[in-house]
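Q: Could you have a look at this structure, given as C-alpha cells, before my questions?
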Amino acid sequence: MENIKIAIAGIGNCASSLIQGLDYYRDKTGTDAIGLMHWTIGGYEPSDIEVVAAFDIDERKVGKDISEAIFAEPNCTAVFCPNIPKKGIKVTMGSILDGVSEHMTDYEDKYKFITSDENESTKEDIVQVLKDSGAEMLLNFMPVGSEKAARFYADCALEAGIGFINNMPVFIASNPEWAQKFEEKNLPIIGDDIKAQLGATITHRTLADLFSKRGVKLEKTYQLNTGGNTDFLNMLNSSRLSSKKTSKTEAVQSVLKHRLDDENIHVGPSDYVPWQKDNKICFLRMEGKLFGDVPMNIELRLSVEDSPNSAGVVIDAIRCCKLALERDTGGILYSPASYFMKHPPKQYNDDEAFIMTNDFIEGNRDN
C-alpha cells in the first residue's frame, strides 16, 4: 500500500502535534499505542500518512523543512517527539488574506505571527504545488476567524482535484453552496471544526446527553476556556469569534432534549493567558432540576494540551478521507464529520456518530 499523501495549510501547533505523531507512532503497535481511536483504518496505520506539501506565512517557517518549522515560534505545544528526521518538504509561502489579526502587533514576537517578506502565493501557485506534490487531500489549519483564507484554500483543493478536511470553524462542509461544489467534483470533504479527543466540547456534550437520558432538566450552562497559544491570542479580537462560538454552542445545543434560550447558555473562549502556552483550561458549570423540581448543579475543571488533543482525531479523519477517495465517494462524508467535527453538516449524538463512523470504515455506509 502506498502512503496517504497530505498537504497542510497552516503549520501551527495543531500541525506540529499531527506531524510529531506520525513519527511517534511509527515504531508502535496496535497493542501498545495510546491515544488513538483506531489503530488501523482501511489497512492504514498512522505512519502510513505522509506530508508532501505545506503552506504558512510566518518568516520563521517559510522555506524551512517541515521537521524544523513545526518547532518554530510562535508554536508552543508539547514536544513529545523531538528527533524528527528531515522530510525534504519545505514550507511554501501561502496567501495571508485575513490570516493575521491586526491586534497581534501589540505582542512580543514569540507570541505572534511575523509575516514573511516573500511574495505571497497565488491560487494558481498553490494549486500547482498541490498537483506537483501528489497530495490527495488538503488539511485546513488556518487561525480562527480566517474566513477568506479558509475559503481560499478550499477553492485551491477543488481546483487541484483533491479532498479537503476543514479543521477550523469556518463553515465550508456545513455550507450548502460549498458542499455542492465538492459534490459536483466528486471530491470528499470532512468538516467543520475538529472535535478534540477529550476536550471541552466533547465533555460538555457527553454531560448534556447524560442529563437528558437521566431525566434531568438542564436550565443553564457555561463553558469558559483559557489558553496561551496563538489561537487564544487571535481570539482576543472579538470580530473573529463569531463562527467559533456558533460551532461550540451548536455542538452542545444539538444533544439537548430542548434547546436552551441564548441567555442561558454561554460557550466559548474567555481569555488569553500567555504562560499557559498550549494548555487549555476549561471551566464548566451546568445547572438543572432533578425529581420533584429539586435543583442541582455540577462544576468541572478540565486541563488538556490543546493541540495533541486534536491530532489523533485528525489522523482518523485523514484515513476516512482516503477511504472515500478509494471508493470514489465524493461530497460530504456525513458519518466521519458527525464524529470528528464540532459543526458537521448533520449533528448526531456521539453514540450514533461513533456507530455511523465505524459502519463507514467497514464499508457499510456510503458516507
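Q: Hey, how many Å between the Cα centroid of the stretch 249-263 and the Cα centroid of the stretch 48-77?
A: Distance between centres, Cα-based: 38 Å.
Q: For the stretch 149-241, list log₁₀ I(q)/I(0) at each q in 0.19, 0.25 Å⁻¹, using the Debye formula over Cα point scatterers of equal strength and ignoring solvent, two decimals each.
A: Results for the stretch 149-241 at q = 0.19, 0.25 Å⁻¹ read -0.99, -1.20.
Q: Take D32 and M296, extend 7 Å from each Cα along the Cα→Cβ direction, and tell me the distance between the two endpoints in nm.
A: In this crude label model, D32 to M296 measures out at 4.3 nm.
Q: Roughly what angle does helix 242-253 make with the longest principal axis of the chain, taking Cα atoms, 0 to 90 degrees, to the nearest 10?
A: 50 degrees
Q: Once the principal axes of the Cα atoms of the stretch 84-218 are found, what is the range along each, listed largest first in whole angstroms?
A: Over the stretch 84-218, Cα extents along the principal axes are 58, 45, 34 Å.
Q: Looking at the calculated P(r) for the chain, what percent of the C-alpha pair distances fall above 34 Å? If you can, show how the numbers build up before the last one.
A: Working: 15231 of 67161 pairs.
Here the long-distance tail beyond 34 Å is 23 percent of all Cα pairs in the chain.
Q: Tell me, how many Å apart are the Cα centres for the stretch 167-218 and for the stretch 21-40?
A: Here the answer is 25 Å between Cα centres.
Q: Shifting gears a bit: Just N167, N175, N13 to compare: in a GNM of the chain, with alpha carbon springs under 10 Å, which one fluctuates most?
A: Highest fluctuation of the listed residues: N175.
Q: Which order do you get for E102, E45 if you rank them by accessible area with a 1.4 Å probe, largest at the top? Show your work: numbers first, answer last.
A: Values: E102 160, E45 65 Å².
Per-residue accessible area, sorted high to low, gives E102, E45.
Q: Keeping the other protein chains in place, figure out the carbon and sulfur percent of the accessible area of the chain, with a 1.4 Å probe.
A: Details: 7400 of 15770 Å².
That fraction is 47 percent.
Q: Given 5 Å bins starting at zero, what is the percent of C-alpha pairs of the stretch 203-245 in each, up to the one with the largest pair distance?
A: Bins of 5 Å from zero give 5, 16, 22, 16, 14, 13, 10, 5, 0 percent of pairs.
Q: Scaled to the compact-protein estimate 2.2 N^0.38 Å, what is the alpha-carbon radius of gyration of the stretch 301-367, rounded to two decimal places?
A: On the way: Rg = 12.6 Å, N = 67, 2.2 N^0.38 = 10.9 Å.
Normalised Cα radius of gyration, the stretch 301-367: 1.16.
Q: At each listed q (0.09, 0.12 Å⁻¹), what is the log10 of I(q)/I(0) that the Debye formula gives for the stretch 1-143 modelled as equal alpha-carbon point scatterers?
A: Reported log10 I(q)/I(0), two decimals: -0.29, -0.51.
Q: Over the chain, with the other protein chains present, what is the accessible area per residue in square angstrom, probe 1.4 angstrom? Provide the component values of the computation, followed by the final result.
A: Values: 15770 Å² over 367 residues.
In whole numbers, the chain has 43 Å² accessible per residue.
Q: Taking a ≥ b ≥ c as the square roots of the eigenvalues of the Cα gyration tensor of the stretch 255-367, is the shape rounded (a/c under 1.5), prolate (a/b larger than b/c) or oblate? Please list the in-between numbers first.
A: Numbers: a/c = 2.77, a/b = 1.49, b/c = 1.87.
Oblate, since a/c reaches 1.5 and b/c is not below a/b.
Q: Could you check the spin-label model distance between E2 and V79? Points 7 Å from the Cα along Cα→Cβ, value in nm.
A: Placing both labels 7 Å along Cα→Cβ, they lie 3.5 nm apart.
Q: Moving on. For A54, enumerate residues with amide H under 5 Å from its amide H, sequence gap 5+ or separate chain, H modeled in the peptide plane.
A: Under 5 Å from the amide H of A54: I8, T92.
Q: Using Cα positions and a limit of under 13 Å, work out the aspartates and glutamates in reach of K110, with same-chain residues fewer than 8 apart set aside.
A: K110 reaches D58, E59, E73.
Q: Using a 1.4 Å probe on the protein heavy atoms only, what accessible surface does V129 show? Give it in Å² to the nearest 10.
A: Using a 1.4 Å probe on the heavy atoms, I get roughly 40 Å².
Q: How long is the stretch 239-315 along each principal axis, judged by its Cα atoms, biggest number first, in Å?
A: Largest first, the stretch 239-315 extends 44, 28, 24 Å along its Cα principal axes.
Q: How large is the helix-only mean residue ellipticity at 222 nm for the chain, computed as the sum of -39500 (n - 2.57) over DSSP H runs with n ≥ 4, divided by its residue count, in deg cm²/dmol to the nearest 500?
A: Numbers: 11 runs with 119 residues, N = 367.
Calculated at 222 nm, the ellipticity per residue is -10000 deg cm²/dmol.
Q: Which entries of K86/K244; K87/K131; K64/K322 show an alpha-carbon separation above 23 angstrom in the structure shown?
A: Details: K86/K244 35 Å; K87/K131 18 Å; K64/K322 27 Å.
Going by Cα-Cα distance, K86/K244; K64/K322 fall outside the 23 Å limit.
Q: Apply the Karplus curve 6.51 cos²θ - 1.76 cosθ + 1.60, θ = phi - 60°, to the phi angles in the stretch 15-28 and return the couplings in whole Hz, x for Gly and Pro.
A: The phi angles translate into 5, 4, 5, 4, 5, 4, x, 4, 7, 4, 8, 4, 9, 9 Hz.
Q: A further question on this structure: Hey, could you get me the Stokes-Einstein D for the stretch 108-159, Kirkwood radius over alpha-carbon pairs, 37 °C and 0.692 mPa s, rounded to whole µm² s⁻¹?
A: 259 µm²/s
Q: If you don't mind, there's one more thing I want to ask. Running Debye on the stretch 1-64 with equal point scatterers at the Cα sites and no solvent, what base-10 log of I(q)/I(0) appears at q = 0.22 Å⁻¹?
A: Values returned for q = 0.22 Å⁻¹ are -0.96.
Q: When all protein chains stay in place, what accessible area (Å², nearest 10, 1.4 Å probe) is found for H266?
A: The accessible area of H266 comes to roughly 80 Å².
Q: In the full protein assembly as shown, how much of S146 is accessible to a 1.4 Å probe, in Å² to the nearest 10?
A: Taking all protein chains as shown, S146 has close to 0 Å².
The values are calculated or read from the model by the stated rules, or taken from the named source; none is laboratory data. Every value quoted in this text rests on a predicted model; they were computed, and no experiment measured them. Using ideal geometry, Cβ is built from the backbone for each residue, glycine included, and neighbour counts are taken over all protein chains shown. Calculation scope for accessible area: heavy atoms of the full protein, side chains included, ligands and nucleic acids excluded. Shrake-Rupley method; radii C 1.70, N 1.55, O 1.52, S 1.80 Å.
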